[in-house]
1. Hey, any hits in the stretch B:471-493 for a residue that's loosely packed, with under 15 Cβ neighbours inside 10 Å, modelled with pLDDT of 85 or more and assigned to a helix (DSSP H, G or I)?
2. Go through the stretch B:649-671 and give me each residue that's surrounded by 18 or more Cβ atoms within 10 Å (Cβ to Cβ) and within 24 Å of residue B:558 (Cβ to Cβ).
3. Quick check on the stretch B:162-173. Is at least one of its residues in contact with a strand residue (DSSP E or B) (Cβ under 9 Å, 6 or more places away or on another chain), more than 24 Å from residue B:444 (Cβ to Cβ) and in a strand (DSSP E or B)?
4. Regarding residue B:591, is this residue outside any helix (DSSP H, G or I), over 18 Å from residue B:747 (Cβ atoms) and modelled with pLDDT of 90 or more?
5. Find the residue count for the stretch B:143-200, including only residues that are at pLDDT 85 or above and on the phi > 0 side of the Ramachandran plot.
6. Determine if the stretch B:582-592 includes at least one residue that is farther than 23 Å from residue B:175 by Cβ and surrounded by fewer than 18 Cβ atoms within 10 Å (Cβ to Cβ).
7. Which number in (1) under 23 Å from residue B:120 (Cα atoms); (2) crowded, with 22+ Cβ neighbours inside 10 Å marks the one condition that residue B:348 misses?
8. Of all residues in the stretch B:4-24, which are exposed (fewer than 15 other Cβ atoms within 10 Å of the Cβ) and within 11 Å of chain A (Cβ to nearest Cβ)?
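The values are calculated or read from the model by the stated rules, or taken from the named source; none is laboratory data. This structure is a prediction, so every number in the text was calculated from the model and none was measured. No Cβ is skipped: glycine too gets one built from the backbone with ideal geometry, and neighbour counts run over all protein chains shown.
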């Protein structure tokens, strides 16, 4: 039947919103410590999470493209350690502000959640 | 903080450099996989195995790429491009349908674009003055008469007492004989005398030199003038050195102080402006009350046009109290400048234009309905393809989107063709455009294919595409039973209820709109016909008119004027081809000069306040009335014996006889003119003629007119020479020789005759009476032709559409019909069934359409003459016409239904 013209590709599994937001933050944080290419970002996230977080490789690049589309990160082509061409991402000023704002929001949320989860039947 | 700017930039960059996006994405992901594989290999895995593991761990590369594309927003453009390519392929596969649809849409879109452009030029486009919506145009009105200009009395009062205007100013129409060495041939140029702040009120500044200052405008001030851009380029080659030179205007050496910007020719197509240099105080009352001026005023910020108008009317009422002798029955009227320029006092022009826009919009709706019908029919043949796509996961919205893109593509093709059509129509519209404007013809009468029109075209095209495509797309995409469709193929017997409803809606809509269009067209055509056949009171055929203004200097003494008149007539009458000639101060239906006089009848009590006995004041030579071909009702016409020194006489019109001498015989009675501060001799009425339509704007009524011998009335009015060409009607009834019949051919000889009497006397505004009348009725003729054409086209399209829909509907029901026939139903019953259904829909459409037309036609009421907006005869005739034609369109499909072969129909089931 060949390429179906009307439907595009088969539908993708919807990423969990929370996961998407978290991934974004992780990427911004990783890049805030210094410019990296995509693979490097992956490694760094695993590194700073002490190996406790494993990122789905397939969802990394769409996230990177989205963040760049929105202006939080910017990219430039450069040379990797082994002299191969790679695209490097860095945090923009707007991105830095965004990371800060999101981090604050996360902390606040964590406090609120912790408070709720700590509540005993008597306190309610 | 909004990410919109960044997203837009990113999207744009991705779309424009699509291949680069893909390459870089490729390279990036490849690098990632290689890096990962390297790391694995460093841990001891074989390179090839490492590569494989890397790919597995990554997951779907293509899926990731698609995700990236979505993230950047090119997914949407991708889809669009795919839809367009697919749509184009579908359209190519069915060239017949595509061609018909495109032509239909092109017709509708093109007509709309052309009309929009013309209406835009007249009603919307910017005029070459500052902020034209805040400029008021002032005139005065008298009950039952053509509007007049402003008098000093009124203007002075307005200036002193108003609170609505930042600025107000007057100007007077003048014309100038441009003579002298600079000018090879004497030319009469229209112009104006304006106050110093006239241009300032309009916000217009000269492009070279300076405007007028207060010092220029005092009585006895310098002879200075401003030249218009057109004249400057035409006669003086755009030479900037003209500023500072002098020209001979009306025999007076005048210094040119400035050139006005292009496109500005206000008032009255002026090309030369001089300062008014008039006193406004200390003038005798008669002069104060003379209505010579055109007034413009600029509204103060925050004041509305209505407020200004109300104030003008209040001032007018005050003046009526203060100066009853001259102000009885007068009122002051203000209107936006544009309306004044179109001389659209009763909004007739505006209404006609709006009706036109409405009609052409209706035509487009019919076109959309036709195309929608085509698409609906085609949607069914594509049921299978769509069902398969839906089954493979395409959402309802996705399919609808793709189908709408297809119809947008059709519309786009129609739009391009329509643009070409509009471009071809514009020159036609421009020449046919009857609407005369007092000024700024360069803007008002020049519709163009410009940015605005293209934007309008684009918008209309998009709307058309959606309007004609949405319903069919909806129906097609939602084809209910997918499984059955896929199994059993395209043509289905038993049209679904929803499908039948859609078709029914189309039929009713088309009939209704066609009905409304036909009513509109029918009314306007009838209106024009009544106007055309209206009794003029004189014989217009083979009449030639020429206008002359004798300059004040050499013709200051009235005997010189009278001598001029006699000599010119003597020479002209002797020319070959001239049957008769006469001179008047204002020929019927001309607007250059329209003098009036208040009259009073001997022995009758003086007119009461509120009564204004006014007659059109026409000073004519002997033989004029015969030349015009008026009908004598009683007594005699003016003759050579009526000259200076003999008994003052007058010939009056029937209306004047009715008003002045109700129920009595006016012959032998005496009548005279009333003017404050002056006494006129009594005149004896010697003749009564049938009413002549002297007025142009008030052709719906007959005004009182009196004709006085030119030689007996001292005046300095301009002259209209009226010449009747002889017609060579052979006794055998042979055709008229064109040479004899056409009065225009006499023009050069007549000019020559005039020049022989007075060298350097310009002759202007040469036209034949039939031409003039065509111009007078031009708006009505234009509307009638256009509306008639639109109605006829609409009818044709609707009938075609109707036939198509009915034929299609029958085709869809072939199976059901075959079944019925096989079960023994007589063919005649089938025929009745099909025809009956059609007839019901037509009836519904007629009802809705005529009801709508009755409501809408009320808007036309002001523009109609001699026929009421709700004229029952028209409505009935159109109902019958449409019913008959529409039924005919249904008969063919009904007959085909009758002839269905049951075996064939059932077999294809």
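1. no
2. Of everything in the stretch B:649-671, those that are surrounded by 18 or more Cβ atoms within 10 Å (Cβ to Cβ) and within 24 Å of residue B:558 (Cβ to Cβ) turn out to be B:649, B:650, B:651, B:652, B:671.
3. Just the residues of the stretch B:162-173 that are in contact with a strand residue (DSSP E or B) (Cβ under 9 Å, 6 or more places away or on another chain), to begin with: B:162, B:164-173.
Of the ones still in play, those that are also more than 24 Å from residue B:444 (Cβ to Cβ) are B:162, B:164-166.
So of that shortlist, the ones also in a strand (DSSP E or B) come out as B:165-166.
The answer is yes; a qualifying residue exists.
4. Values: outside any helix (DSSP H, G or I): yes; over 18 Å from residue B:747 (Cβ atoms): yes; modelled with pLDDT of 90 or more: no.
Criteria not met by residue B:591.
5. 0
6. no
7. That leaves (2) as the condition not met.
8. Across the stretch B:4-24, the qualifying residues are B:4, B:5, B:8, B:9, B:13.
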